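Trainee: Let me begin by handing over the structure; questions about it come next.
The values are calculated or read from the model by the stated rules, or taken from the named source; none is laboratory data. Treat the numbers as computed from the prediction; the structure is a model and nothing was measured. Quick reminder, even Gly has a Cβ in these numbers, built from the backbone with ideal geometry, and neighbours come from all protein chains shown.
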Amino acid sequence: MASQDWFEKDFYATLGVAQDASEEDIKKAYRKLARKYHPDKNPGDTSAEQKFKEIGEANQVLSDPQQRQEYDAVRQMARGGARFSGGAGGAEDVFSSMFGGGGGSGYRTYSSGTGGQQGINLEDLLAQFGGAGGGFGGSGFSSGFGGPRQRAAQRGEDVEARASISFRQAVEGSEVRIRDADGHSFTARIPAGVKDGQKIRLRGKGRAGFGGGPNGDMILHVSVGTHPVFGRDGDNLTVELPVTFAEATLGATVQVPTFDGKSVKVRVAPGTPSGRSLRVKGRGVKTKKATGDLIAKVHVVVPKELTDEQRQAVETLAAGEADPREELLAKARQDAS
């Protein structure tokens, strides 16, 4: 951004902060306004989109100490720290000389504020606003006369964004549409196996760099929805597997659903209790590094209604069973004594 723009714009007013605001105050003000005017929250509102760009521009300058120092110096000039004659030595000529607008002798007619006109070296003029050595902040500008504005290459600022995807998109991978820092949308690839709350770095999708420096990155926070059947445990998929009392007691081969909509058969051993896990190899989340398994957790379903014959059979079974809580109660009494 040219410093002529700095001469005309009040970035402090744009963010609603004082000129002596701390870096933390500037950061808080920017985040609050960015959330309020973000295009995602104001679809189709061109005024909100323009406001979003303006606060982004203001934050870009004020959050950088070197740029802020240079900007403050330009604003000091705008408030009357120096006055220029309206003729050949006007402000436009001075900016042209200072910021690469063209050649010239490096001298301009300058009014010191006392009414006297005098020829003054541009480097002396810059020194009044940027300190000894000329220029704003020392290294930001060339010290020659009428030379171009020079800035060391600087990497752009990183930005943050959020994306909400379905459980299936997270398992299989997908493409989503995201808005960048300037409100422009682009397509981003979500890799297979991404987890809820995971951060993905999108290279070069942050704010533009300066002086030929690279763009910053976008840090994408991913939120993953739930699934009506399956869950996640790392790269393993989990599923609750209901079995009958008879299947758990006597053993059985049952069908287990898989994520591709099909099913596989697994063996339930006789005497299997609720909570036992049965593993199906290679039917979990497939990533570039590994493939997880499908974990079926057994849940014994107790019948709510019984026929007379069934009830009699269960009562016969219960009559021959030992008390399963006897050992538990004995350990509790021993610990209390």
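Trainee: Quick check on my filter: what residues within segment 248-280 are polar (S, T, N, Q), closer than 19 Å to Pro228 by Cβ and not in a loop (DSSP other than H, G, I, E, B)? Walk me through how you get there before you give the answer.
Mentor: Initially, segment 248-280 is screened for residues polar (S, T, N, Q), giving 249, 253, 255, 258, 263, 272, 274, 277.
Subset that is closer than 19 Å to Pro228 by Cβ: 255, 258, 263.
The answer is Gln255, Ser263.
Listed here are the residues, each with its yes/no results for (1) assigned by TED's automatic domain parsing to the domain that holds Ser164; (2) in contact with an Asp or Glu (Cβ under 6 Å, 6 or more places away or on another chain); (3) hydrophobic (A, V, I, L, M, F, W, C).
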| residue | (1), (2), (3) |
| --- | --- |
| Asp180 | yes, no, no |
| Ser185 | yes, no, no |
| Ala192 | yes, yes, yes |
| Lys195 | yes, no, no |
| Arg203 | yes, yes, no |
| Gly212 | yes, no, no |
| Asp217 | yes, yes, no |
| Leu220 | yes, no, yes |
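Trainee: Tell me yes or no: at least one residue of segment 287-308 is part of a helix (DSSP H, G or I), free of Cβ contacts under 8 Å to residues at least 60 places away in the same chain and either assigned by TED's automatic domain parsing to the domain that holds Thr249 or out of contact with any Cys (no Cβ under 7 Å at 6 or more places or on another chain) (or both). Walk me through how you get there before you give the answer.
Mentor: Going residue by residue through segment 287-308, those that are part of a helix (DSSP H, G or I) are 308.
Within this subset, residues satisfying the condition of being free of Cβ contacts under 8 Å to residues at least 60 places away in the same chain are 308.
Filter once more, so that each one left must be either assigned by TED's automatic domain parsing to the domain that holds Thr249 or out of contact with any Cys (no Cβ under 7 Å at 6 or more places or on another chain) (or both): 308.
Yes: segment 287-308 contains one or more residues that are part of a helix (DSSP H, G or I), free of Cβ contacts under 8 Å to residues at least 60 places away in the same chain and either assigned by TED's automatic domain parsing to the domain that holds Thr249 or out of contact with any Cys (no Cβ under 7 Å at 6 or more places or on another chain) (or both).
Trainee: Here is a further query. Condition first: assigned to a loop (DSSP other than H, G, I, E, B) and at pLDDT below 85. Can you find one or more residues in segment 15-38 that meet it? Spell out the reasoning first.
Mentor: Applying the first criterion (assigned to a loop (DSSP other than H, G, I, E, B)) to segment 15-38 yields 16-22, 38.
Keeping just the survivors that are at pLDDT below 85 gives 38.
Among the residues of segment 15-38, at least one is assigned to a loop (DSSP other than H, G, I, E, B) and at pLDDT below 85, which makes the answer yes.
Trainee: Also, quick follow-up: So which residues in segment 287-298 are of a type outside the set (S, T, N, Q) and at pLDDT below 95, if there are any at all?
Mentor: Initially, segment 287-298 is screened for residues of a type outside the set (S, T, N, Q), giving 288-290, 292-298.
Lys288, Lys289, Ala290 - these are the residues of segment 287-298 that are of a type outside the set (S, T, N, Q) and at pLDDT below 95.
Trainee: Kindly provide the set of residues from segment 209-226 that are crowded, with 16+ Cβ neighbours inside 10 Å and more than 14 Å from the chain's Cα centre (by Cα), ordered by number. Before you say what the answer is, go through the steps one by one.
Mentor: Step one: of segment 209-226, the residues crowded, with 16+ Cβ neighbours inside 10 Å are 209-210, 215-220, 222, 224.
The answer is Gly209, Phe210, Asn215, Val224.
Trainee: Being under 16 Å from Ala269 (Cβ atoms) and assigned to a strand (DSSP E or B) is the filter here, so list the residues in segment 234-247 that pass it.
Mentor: Within segment 234-247, the first condition is being under 16 Å from Ala269 (Cβ atoms), and the residues that meet it are 241, 243-247.
Once the filter is applied, which keeps residues that are under 16 Å from Ala269 (Cβ atoms) and assigned to a strand (DSSP E or B), segment 234-247 yields Leu241, Val243, Thr244.
Trainee: Tell me the residue from Arg279, Arg267, Arg232, Arg201 that is closer than 30 Å to Ala58 by Cβ and among the charged types (D, E, K, R), please.
Mentor: Working: Arg279 fails: closer than 30 Å to Ala58 by Cβ; Arg267 fails: closer than 30 Å to Ala58 by Cβ; Arg232 fails: closer than 30 Å to Ala58 by Cβ.
Just a single option satisfies the conditions, and that option is Arg201.
Trainee: Let me ask something else. Limited to segment 268-292, what total is found for residues that are surrounded by fewer than 18 Cβ atoms within 10 Å (Cβ to Cβ), closer than 28 Å to Gln169 by Cα and not aliphatic (A, V, I, L, M)?
Mentor: Residues meeting the conditions: 9.
Trainee: Any idea which residue in segment 25-52 is surrounded by the most Cβ atoms within 10 Å (Cβ to Cβ), counting only those that are touching a Lys or Arg at 6+ places or on another chain (Cβ under 8 Å) and of a type in the set (Lys, Arg)?
Mentor: Result: Lys41.
Trainee: Criterion first (within 31 Å of the chain's Cα centre (by Cα), small (Gly, Ala, Ser), closer than 22 Å to Ile190 by Cβ and not in a loop (DSSP other than H, G, I, E, B)) does Gly231 satisfy it?
Mentor: Numbers: within 31 Å of the chain's Cα centre (by Cα): yes; small (Gly, Ala, Ser): yes; closer than 22 Å to Ile190 by Cβ: yes; not in a loop (DSSP other than H, G, I, E, B): yes.
Yes; evaluated as a whole, the condition is true for this residue.
Trainee: Could you list all residues from segment 247-267 that are out of contact with any Lys or Arg (no Cβ under 9 Å at 6 or more places or on another chain), without any contact (Cβ under 8 Å) to a residue 12 or more places away in the chain and exposed (fewer than 11 other Cβ atoms within 10 Å of the Cβ)?
Mentor: Gly261, Lys262
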